[in-house]
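Read-outs throughout are calculated quantities, based only on the coordinates presented, and are distinct from any laboratory measurement. It should be emphasised that the depicted structure is a prediction, and the values quoted were computed from it without experimental measurement. So basically every Cβ, Gly included, is an ideal-geometry build from the backbone, and we count neighbours across all protein chains shown.
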Amino acid sequence: MAIPSTQIAAVIPPTGASAKSGVNIINTHPVPTPGDGDLLVKLEFSGVCHTDIHSIRGDTPMLTDVAGHEGVGTVVSVGPRVDEGQWVGQRVGIRWLYSSCLNCEICAINHTACPSQKNAGANVPGTFQQYIVSPALHVTKIPSEISPELAAPLLCAGIAMYSSIMKTKPRPGDWIAILGAGGGLGHMGVQIAAKKGLNVLAIDKGAKKRELCLSLGAKHFLDFSDVDIVDEVKNLTSGLGAHGVICTANGARAYEQSLQMLRPLGTLVCVGIPSVPFNLPATPLDMIIKGLTIVGNSAGTASEMEELLTMAMAGDVKAHIQVFDLDEIHDVLERLEKSEIEGRVVLKIP
């Protein structure tokens, strides 16, 4: 196929990301050229994550002009030292973990924590555009059994939750609480945890999110506007608390409650990125007496991604999505900031 020299993209203003900045839809953005070991991908869909809002609004460092990190598309060209026959026509996904060095001491343990990693939509151009270059070593091959619009949310929301759940070292029958359970990440976590035999305590607000979470396998739904969620979690777990808590919410109060609802030897997984920095209220005495574990998570390994794709092909995990056109991104970002959307937003790339 003929590859154009320019493309449609949603870009941040030349002045850079800021609290009041949005994105501009332009049709003159240059199409990148794949380098050594790279693929050129024509994108079809991209999920939208709260992390993208943090980048666009300047809450977290953004060193590029195109956000987005849940892209699915087809390889249309390759760079030097890439087998064209193997890749052209292959549907692939671009994730938050755009690349890692694969050579350092950290990568030898888990490359998702590589100190030299690059992240799509943060320090390299992201997926809110028609064409993207990505290293062949780091893309995810998308099985034909999964439609591209449903595959997109698996690449961040799905894998972040899968990996977070695994970090709690779950055993069937364990109680796991998910704060923000009706959101883009949370609703994926509810399904994954339920399919792994865990008792899911879904925590969020509103009748629509209650209905969604319970339909996806949550044991109980706790509306944080109606009940004391810490007391309720303990009441439902014989007074001990949850074995694992995954906090996808980003407020200080949510993280404080997350720690309070953990049982002894429990694990808190930090996922939600605060708009305003704060410290976790964990005292050394609490940590010593209760033997708690606190970890963070933003991505998953290639093997975890394969396990998640297998679950998706079996129908065990399916994103609840709302599809919008790329030129509706302004409205999408505003509604996400107000938590007005259940499930995951996916943008159709023109």
Debye equation applied to the C-alpha atoms of the chain, log10 I(q)/I(0) at 0.10, 0.15 Å⁻¹: -0.58, -1.27
At a 10 angstrom cut-off on C-beta neighbours, averaged per residue, how do the peptides 263-270, 168-175, 298-305 rank from highest to lowest? 263-270, 298-305, 168-175
Per residue, how much space in cubic angstrom lies within the convex hull of the C-alpha atoms of region 235-310? 123 Å³
Have a look at G272, Q7, P143 and report the one farthest towards the positive end of the charge dipole of the chain, computed about the Cα centre with Cβ charges (Lys/Arg +1, Asp/Glu -1). G272
Packing rank of 184-192, 58-66, where each peptide gets the mean count of other beta carbons within 10 Å, highest leading: 184-192, 58-66
For region 24-124, what is one quarter of the convex hull surface built on the Cα atoms, given in nm²? 7.5 nm²
Please list the radius of gyration and Dmax for region 286-339, considering alpha-carbon atoms only, with Å as the unit. 18.2, 53
Set of region 258-277 residues, backbone N closer than 13 Å to the point 7 Å along the Cα-Cβ line of L240: 262-267
Where the only charges are on Cβ atoms (+1 Lys, Arg; -1 Asp, Glu), what is the dipole of the chain about its Cα centre, to the nearest 20 debye? 600 debye
Cross-link partners among lysines for K169, C-alpha distance below 19 Å, same-chain residues fewer than 8 apart left out? K195, K196, K290
Taking T112, T6, T237, T127 and counting other C-beta atoms within 10 Å, the order from fewest to most: T6, T237, T112, T127
Multiplying the sequence separation of D325 and V295 by 0.36 nm and subtracting their Cα-Cα distance, what value in nm do you get? 7.2 nm
Neighbour cut-off at most 10 other Cβ (10 Å), DSSP loop, trypsin sites (Lys or Arg not before Pro), region 52-132: R81
Exposure proxy ranking, count of Cβ atoms within 10 Å, fewest first, for V82, V245, V276: V276, V82, V245
Quote the Stokes-Einstein diffusion coefficient, in whole µm² s⁻¹, for region 158-296, based on the Kirkwood radius over alpha carbon pairs, a temperature of 37 °C and a viscosity of 0.692 mPa s. 227 µm²/s
Setting aside same-chain residues fewer than 8 positions from K167, which aspartates and glutamates have a Cα under 17 Å from its Cα? E304, E306, E307
Summing -39500 (n - 2.57) over the DSSP H runs of n ≥ 4 in the chain and dividing by its residue number, what mean residue ellipticity at 222 nm do you reach, to the nearest 500 deg cm²/dmol? -7500 deg cm²/dmol
Find how much the distance from A302 to T6 grows on full extension, using 0.36 nm per residue of separation minus their present alpha carbon separation; answer in nm with one decimal. 103.3 nm
Assertion target for F224, F278, ordered by fewest C-beta neighbours within 10 angstrom first, is F278, F224
